[in-house]
Each structure stands twice: as C-alpha cells, then as structure tokens.
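The next block holds one structure in the form of structure tokens; read it before the comments.
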Amino acid sequence: MTTEPTTMTDSFLSAMGLDRPETGDDAVVPFTLEKLDTRGRILHLGPSLDAILTRHNYPAPVARLLGEAVVLTALIGSSLKFEGKLILQTQTDGPVNLIVVDFDAPDGMRGYARFDHDMVVKWAEEGRTSPADMLGKGHLAMTIDQGSHTERYQGIVALDGNGLEEVAHTYFLQSEQIPTQVRLAVAQMSMRGDHRPRWRAGGILIQHLPENGMARMADLPGDGNFDNPDTSDTAFEEANGWAEARSMLATVADVELADPEVSPERLLFRLYHETGARVFPAMPLVERCTCSADRIEEMLATNFTDEERGDMAVNGEIEVVCEFCSTAYRFNPNQFNLKH
C-alpha cells in the first residue's frame, strides 16, 4: 500500500490542521520541493544522539563535531534502500584525529571519536573550538558496505580546514555530480525537569533534481552519475529554483534547526511555504551498536595467535571494550586453543 505524502498549504501548520502528528525526535523526514526541482531530508536527533555523545564524556567541542558527523551520516544513510552500512570516517591532523560513524540500514546509528586531549585544551584556550578547527586537515571517506558478497563502494574527499557542511557539498559534486546543500546544528539544551543539559541536533540536506525530475533520480549514494546541463532554458529555470532553495535554507539559524519545539514539518513550512513542500512519512532512527561477543570472539580467534592472546590476558582474562558503546567483553585465552 502506497502512502500519499502530505501537501503543506497556508493552513497546514498555522491552524494546526495536521492529518498526522508532527514528527518529534530521532526521526528523518523525506520531502520534495517540486516547484524548485529539489528533494531533501530533514531530521531531529534527541535521546539517541545524547546517548552516543555522553557515553564517552567527550569535551564539548569534540562532542559537537561528532554530533555533526552522526547527523550527516544519518541524512545520507537513511536514503539506502537495501540492507547494509554507510560508514563515514575521517582521518586528520586536528585535535579530533579520527571519527567513525556507522549507519546500519534502515535505522541504526553509532559513532566514535578519537582525540588528543591536550590539543583540545590548548585550542580551546586559543578560542579555536569550531567543528572545522577540531577536524583539521586530512580526508573523509564514505563507504557503502552491503555485506561480504558484494563489492564496497567508497568515495573520498579531502579535508582542508573546512567543516562537514562544505565537505558534503564537495563530496556529492565530485562523486555524484549532484548539487547538494547541507545544514547541521548540534547543541546542548536544558529541558524542563532535566538534571543536566541534553545533546540534540537537527539537519537538512537538499539536492537539485536532474532535468526530468524525480523519476530520473536513483537512490543515493553511489548509484548514479548525473550531470545537469546548463545550456537550455529548462536548465536555467532549474538553476533559478535551486538558487531559491539554497537561499531559503541559508536563513536557518542553528538554534532553530535544533529546537525541539520546531518540528521538521514546522520548519519546512517556515522555509518553503511560498513555494510549497511535499512531506513524506517519517522514518525512525535509533542508537544501536552492532558489536557482539560472537563477533569479537571470531576476531580474536582469526587475527591473533595463541601466544598473542596469552599476552593480552590480564588476571587470566582477555578484555575487549567496544569503542562505540563501551560494552566490555571478557574471554578466557584458553578457549581459543585448537582441539586435536
């Protein structure tokens, strides 16, 4: 059964005449701006992001950068139409020298950041705490992994002191030739009744459609090579529509994007009520780690010798702690000895 999208009109939100509840936290909402030849996704992350960022007690600038990486990965990964993973990874010379974020289709997210504590403190004292400062220079890779029986798709883009919003634009332009604009916002907000501020975030990704519209656009990422010619009258009109879509998106403030009181539908209405937007059903997102005792046991058995496993043991046990979720797994080194 096909669910028809909701068309926003002038009374869509002002009169609260919704035919379904507004979307809350931990969900992504696909939409199209048909008059502007644009499609997109918008999301709010609340408890799921707070769990990822507070588990490791990251300093605030590190948590903010990792939060942006989680939002960007979820915006892109939620477009996958198959089982598998989208993996975002950065390796840089900045205070946060490694970020890994997995999106486990259709809805699972996890993330981890490795950082130099002394560099973070020093740069904070110098006022260099923006996500771009924390990231530094290096490269970003996005990998689609559909399992052991399929070939991985990977796109790599240089990081040259820019933030993830700029990097996403470059990535899609280079790998897919699709004009893309992204807005990301991560903040700590105090909610009524909470004993501590909570991390939350918002994000919007919009993309210019190919010449003949949605029917020509494959699912992203890594499944098309589209080029929008710029010589015809149609292309000129599309460029104008894309310019308007981008200019409206540029008016969004960070606090507005992350505000729990401003639902994705409400924000889209504020931005595009003059041209209209078609909003599709929301898809839930969850914080979920894919580690397991069986996987780690297999890794230990396959990648290490008996002697190496013996050297790992402390007080007769091998302890492996998942970098993503901090779950500790313990093994007896003798259980790996081969039986003859």
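Read-outs: derived from the displayed coordinates by stated rules, not from any lab. The model shown is predicted, which means the values in this text are computed figures rather than measured ones. Neighbour counts run over all protein chains shown; Cβ positions are idealised from the backbone, glycine included.
Calculate the spin-label point distance for Leu173 paired with Thr327, positioning each point 7 Å from the Cα along the beta-carbon direction, and give it in nanometres.
Once both label points are built, they end up 4.2 nm from each other.
Spin-label point model (7 Å from Cα, Cβ direction): what's the Glu83 to Ala141 distance in nm?
For the pair Glu83/Ala141, the computed spacing is 2.5 nm.
Sketch the reach of a paramagnetic label on Arg192 as a point 7 Å from Cα along Cα-to-Cβ, and name the residues of segment 248-262 whose backbone nitrogen lies under 20 Å away.
Counting only backbone N, you get 256, 258-262.
Place +1 on the Cβ of every Lys and Arg and -1 on the Cβ of every Asp and Glu in segment 293-336, take the dipole about the Cα centre, and give the residue among Cys322, Gln335, Met312 whose Cα lies farthest towards its positive end.
So the residue we want is Cys322.
Treating only the Cβ atoms of Lys and Arg (+1) and Asp and Glu (-1) as charged, compute the dipole magnitude of segment 93-173 about its Cα centre; round to the nearest 20 debye.
So the dipole magnitude of segment 93-173 works out to roughly 100 debye.
Which whole-number percent gives the relative contact order of segment 293-336, counting Cα pairs below 8 Å spaced six or more residues apart?
35 percent
For the pair Glu151 and His273, how long in nm is the line joining their label points, each one 7 Å along Cα→Cβ?
Placing both labels 7 Å along Cα→Cβ, they lie 5.0 nm apart.
Give, in nm to one decimal, the length gained when the segment between Thr302 and Glu261 is fully stretched (0.36 nm per residue of separation minus the Cα-Cα distance).
Length gained, Thr302 through Glu261: 9.8 nm.
Using 0.36 nm per residue, how much length does the chain from Gln91 to Asn240 gain when fully extended, once their Cα-Cα distance is taken away?
Gain on stretching Gln91 to Asn240: 50.0 nm.
Students often check this: by mean Cβ neighbours within 10 Å, which of 48-54, 126-132, 240-246 ranks highest, and how do the rest follow?
48-54, 240-246, 126-132
Bin width 5 Å, origin at 0, all Cα-Cα pairs of segment 28-76: what percent of pairs per bin?
5, 18, 24, 18, 12, 9, 7, 4, 2
Counting other beta carbons within 10 Å of each residue's own, what order do Val182, Val120, Val314 fall into, fewest first?
Ascending number of Cβ neighbours within 10 Å: Val314, Val120, Val182.
If you take the alpha carbon radius of gyration of segment 137-190 and divide it by 2.2 N^0.38 Å, what ratio comes out, to two decimals?
The reported ratio for this selection is 1.40.
Over segment 47-165, what per residue volume does the convex hull of the Cα atoms give, in whole Å³?
98 Å³
As a footprinting exposure proxy, order Val101, Val321 by other Cβ within 10 Å, with the fewest listed first.
Least crowded to most crowded, the residues run Val321, Val101.
Once Rh for segment 293-336 is found with the Kirkwood sum over Cα pairs, what is the Stokes-Einstein diffusion coefficient at 20 °C and 1.002 mPa s, in µm²/s?
Answer, rounded: 202 µm²/s.
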